[in-house]
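Structure record follows, encoded as structure tokens.
The values are calculated or read from the model by the stated rules, or taken from the named source; none is laboratory data. Note that this is a predicted model, so its numbers are computed, not measured. Here Cβ is always computed from backbone atoms with ideal geometry, including for glycine, and neighbour counts include all displayed protein chains.
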Amino acid sequence: MAYLTLRNINKIYPNGFHAVHNFNLEIEKGEFVVFVGPSGCGKSTTLRMIAGLEEISNGEFLINGERANEKGPREREIAMVFQSYALYPQMTVYDNIAFGLTLQGVDEDIIEERVNNVARILGLTDYLDRLPRALSGGQRQRVAIGRAIIRKVGVFLMDEPLSNLDAKQRVTMRYEIAQIHKETGATTIYVTHDQTEAMTLADRIVVMKDGYVQQVGTPYELYFQPANVFVAGFIGEPPMNFLRGTVTHGCLHFGKNRIDLSKVLPEAAGMEGKPIVLGYRPEAILLGQQPDGYVVTGNVELTEMLGDYTNIYITAEEDQAILKVDSHDTPQMDIDLTYTIPYTAVYLFDGETENVIPTRHE
Ligand code: ATP
């Protein structure tokens, strides 16, 4: 039996706005699950329903197989870390971390032992006497996490915990959150709009859009087997390139290029007039004309050298694409560049439903 079960969960706010539609998910003990999606897709609403901070309009939430819809936040044995750390400014780091246990009247000796242990896990041992204002953003966020993990609850919920940090701190804290999870083994649900955070932290990712779950899977599955155009475009950086067109004599045309779909979709000949979206990842292309792929030529509009790799912005008449190549292969700007999209790297989607069409490679 799953540890947490969300069964057909819906949220309809009092103003009638339907923010979450039929959300289904089973979470195993110890899993690190990330809800990801653009702003307003219903991630926080779902997390708040799990926390007991928001009423579930319909559907069922189970903890260990037992219905928990009516349980209050405390009864659910869930701790939440918010985007704003909400530390008490007049209290030391020690007192901030200890606060929940002090309120519960836990014995001083036990509190001290647990605070020291949490401080060790979080690298805060040398800061226990400081006030929050004398800490960096990353250290404050660690204190906020410490306050949650000291409670030894079954589930940690984190709502965009890194969004107040700068880019460098985010990378460090991301690593630390992964380490904390490894050490505590706590079931964690983490909300972010950042696909990199989702990919690096998650055992499984739930991609959401407009209140609907688009796909649930491991980072590997979402990257290599996206269910639809939205997931394909959301996961991966730079995003997947898409060519939209209509099948004409088994081919897709764009600019001066013609793509013979039968190479990846034997039934393409019978799909005359069907709208198709063809996708390929920026990093999947090969430079030059290569065998077993679609050879494409476009103009180099811009190059971005980012260290070990370069992003190349290509235009083929009205179509645009980004390619990601080894920085030693950075081309000059404003030249025609020929590259190959290997057949094995091609994704096809139905132009109407936007759902993936399984491809076959010769
Ligand atoms: P963000 O990343 O911006 O926090 P999110 O994916 O977490 O976005 P939610 O905060 O869950 O999104 O909001 C989902 C939708 O529900 C949004 O369109 C939001 O405007 C709407 N919403 C949130 N709270 C309420 C409310 N109390 N009443 C009505 N609509 C609400």
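For segment 250-287, enumerate the residues that are outside any strand (DSSP E or B), touching a strand residue (DSSP E or B) at 6+ places or on another chain (Cβ under 9 Å) and farther than 16 Å from Y339 by Cβ.
Going residue by residue through segment 250-287, those that are outside any strand (DSSP E or B) are 250, 255-256, 261-274, 281-285.
Retained after the next criterion (residues that are touching a strand residue (DSSP E or B) at 6+ places or on another chain (Cβ under 9 Å)): 250, 255-256, 261-265, 268, 272-274, 281-285.
Listed by number, the residues that qualify are G250, L261, S262, K263, V264, L265, A268, E272, G273, K274.
Tell me, yes or no, whether segment 294-313 has at least one residue that is modelled with pLDDT of 90 or more, under 22 Å from E354 (Cβ atoms) and surrounded by 15 or more Cβ atoms within 10 Å (Cβ to Cβ). Yes; the residues of segment 294-313 include at least one that is modelled with pLDDT of 90 or more, under 22 Å from E354 (Cβ atoms) and surrounded by 15 or more Cβ atoms within 10 Å (Cβ to Cβ).
Quick one: in segment 221-263, which of the residues that are among the aliphatic types (A, V, I, L, M) and within 19 Å of N299 (Cβ to Cβ) is farthest from the chain's Cα centre (by Cα)? Filtering segment 221-263 for residues that are among the aliphatic types (A, V, I, L, M) and within 19 Å of N299 (Cβ to Cβ), the one farthest from the chain's Cα centre (by Cα) comes out as I259. When G72, G42 are checked against the criterion of being of a type in the set (G, A, S), over 28 Å from the mean Cα position of the chain (by Cα) and farther than 15 Å from F156 by Cα, G72 stands alone in meeting it.
Annotation: of all residues in segment 69-102 being surrounded by 19 or more Cβ atoms within 10 Å (Cβ to Cβ) and part of a helix (DSSP H, G or I), the one that is modelled with the lowest pLDDT is L101. If only residues of segment 304-328 that are touching a Ser or Thr at 6+ places or on another chain (Cβ under 7 Å) and of a type in the set (S, T, Y) are counted, the one that is nearest to H253 (Cα to Cα) is T310.
Could you tell me whether F32 is at pLDDT 95 or above, closer than 26 Å to I177 by Cβ, away from the ligand (no atom under 16 Å from the Cβ) and buried (at least 18 other Cβ atoms within 10 Å of the Cβ)?
Working: at pLDDT 95 or above: yes; closer than 26 Å to I177 by Cβ: yes; away from the ligand (no atom under 16 Å from the Cβ): yes; buried (at least 18 other Cβ atoms within 10 Å of the Cβ): yes.
So F32 passes the test.
Applying the selection to segment 103-116, what residues are in a helix (DSSP H, G or I), surrounded by fewer than 14 Cβ atoms within 10 Å (Cβ to Cβ) and of a type in the set (S, T, N, Q)? If the condition is that a residue be in a helix (DSSP H, G or I), surrounded by fewer than 14 Cβ atoms within 10 Å (Cβ to Cβ) and of a type in the set (S, T, N, Q), then no residue fits. Exactly one residue out of E60, E77, E54, E112 is farther than 17 Å from T188 by Cβ and out of contact with any helix residue (DSSP H, G or I) (no Cβ under 9 Å at 6 or more places or on another chain), and it is E60. A search for C-beta distances below 6 Å between a residue of segment 152-166 that is touching a residue at least 12 places away in the same chain (Cβ under 8 Å) and assigned to a loop (DSSP other than H, G, I, E, B) and any residue that is among the charged types (D, E, K, R) and more than 13 Å from the ligand (Cβ to nearest atom), counting only pairs 6+ apart in sequence or on different chains, returns V153/E77; G154/E77; L162/R170.
Selection within segment 263-284: residues that are basic (K, R) and within 17 Å of T344 (Cα to Cα). The member of this set that is surrounded by the most Cβ atoms within 10 Å (Cβ to Cβ) is R281.
Kindly indicate the residue of segment 160-192 that is under 18 Å from the mean Cα position of the chain (by Cα) and acidic (D, E) and also modelled with the lowest pLDDT among those meeting that condition. Selected residue: E176. Restricting to segment 3-27, name every residue that is in contact (Cβ under 8 Å) with a residue 40 or more places away in the chain and more than 16 Å from the ligand (Cβ to nearest atom). Selection gives Y3, L4, T5, R7, N8, N24, I27. Can you tell me which of (1) at pLDDT 95 or above; (2) within 16 Å of the ligand (Cβ to nearest atom); (3) surrounded by fewer than 18 Cβ atoms within 10 Å (Cβ to Cβ); (4) at negative phi is the one T218 doesn't meet? Single failed check for T218: (2).
With the structure loaded, tell me whether L323 is within 22 Å of P239 (Cβ to Cβ) and surrounded by 15 or more Cβ atoms within 10 Å (Cβ to Cβ) or whether it fails that test. First the steps, then the outcome.
Numbers: within 22 Å of P239 (Cβ to Cβ): yes; surrounded by 15 or more Cβ atoms within 10 Å (Cβ to Cβ): yes.
Taking the combined requirement at face value, the residue satisfies it.
Listed by position, the strands (runs of 3 or more DSSP E) enclosed by segment 288-362 that each have at least 3 residues that are in contact with a Phe, Trp or Tyr (Cβ under 7 Å, 6 or more places away or on another chain) are 293-305, 319-326. The number of residues in segment 216-249 being small (G, A, S) and part of a strand (DSSP E or B) comes to 2. Residue pairs whose Cβ atoms lie under 8 Å apart, separated by 6 or more positions or on different chains, with the first residue in segment 196-211 and away from the ligand (no atom under 16 Å from the Cβ) and the second in a loop (DSSP other than H, G, I, E, B) and not polar (S, T, N, Q), are M199/I235; D203/E31; R204/E31.
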